[in-house]
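Just so you know, all these numbers are worked out from the coordinates, no wet-lab data involved. Fair warning: this is a prediction, and the values are worked out from it, not measured in the lab. Glycine gets a Cβ as well: all are built from the backbone with ideal geometry, and neighbour counts include every protein chain shown.
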Amino acid sequence: MSASHKVICIVCPVGCIGEVSIEAGQTPKVQGYICTRGKSYAVAEATNPLRMLTTTVRVRGGVLPLLPGVSSAAMPKDCIAVGVQMLSEIVVDAPIKAGQVTYAKILGLNVDIVASRDIAMRTL
C-alpha cells in the first residue's frame, strides 16, 4: 500500500511545496524541497504530525476567570482535540505562576500543560 502527501514546508520563509511518497516497509521518498530541513519536516509531517497544544483552563479564586496554557512539547496532532476537551473540564486554583504545570502528562504522553502567565488570587 502506498500513500502520497503534499506538504508545504514551514521551516523557513521559502515555503517549498513538495511531496512525500510512503510505501509499506520502505523509506519515504521526498521530492520538491531545496534543503535537508525541509525534507525532514515533510517526512515528519507525513508520518507523524506534531503540534503544540494551546488553550485555556478555568481558574477558581483568581483575578481572571481563564488561564492560558501551552504544552511543554509538541504532541501528536490526532491527540489535540481530545486534549482540549479534557482540559475544558479542569479548574485550577489561584494563585498561579507562569511556567507552573497545570496538568501533568496529558493523555499519558510525556507532555505537561504549563501556565502561560501569572494569575493572582482575587481579594475581596
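Among residues of the range 72-124 being of a type in the set (Gly, Ala, Ser) and at positive phi, the one that is surrounded by the fewest Cβ atoms within 10 Å (Cβ to Cβ) is GLY108.
Restricting attention to the range 14-70, the residues being surrounded by fewer than 15 Cβ atoms within 10 Å (Cβ to Cβ), in a strand (DSSP E or B) and hydroxyl-bearing (Ser, Thr, Tyr) number 2. The set of residues in the range 1-36 being among the basic types (Lys, Arg) and under 25 Å from CYS79 (Cβ atoms) consists of LYS6 alone. If the condition is being touching a residue at least 24 places away in the same chain (Cβ under 8 Å) and either among the small types (Gly, Ala, Ser) or in a loop (DSSP other than H, G, I, E, B) (or both), then the range 89-124 contributes ILE90, ALA94, PRO95, LEU109, ASN110, VAL111, ASP112, ALA115, SER116, ARG117, ALA120, ARG122.
Any residue at all in the range 65-72 that's closer than 30 Å to SER21 by Cα, touching a strand residue (DSSP E or B) at 6+ places or on another chain (Cβ under 9 Å) and of a type in the set (A, V, I, L, M, F, W, C)? Checked the range 65-72: no residue is closer than 30 Å to SER21 by Cα, touching a strand residue (DSSP E or B) at 6+ places or on another chain (Cβ under 9 Å) and of a type in the set (A, V, I, L, M, F, W, C).
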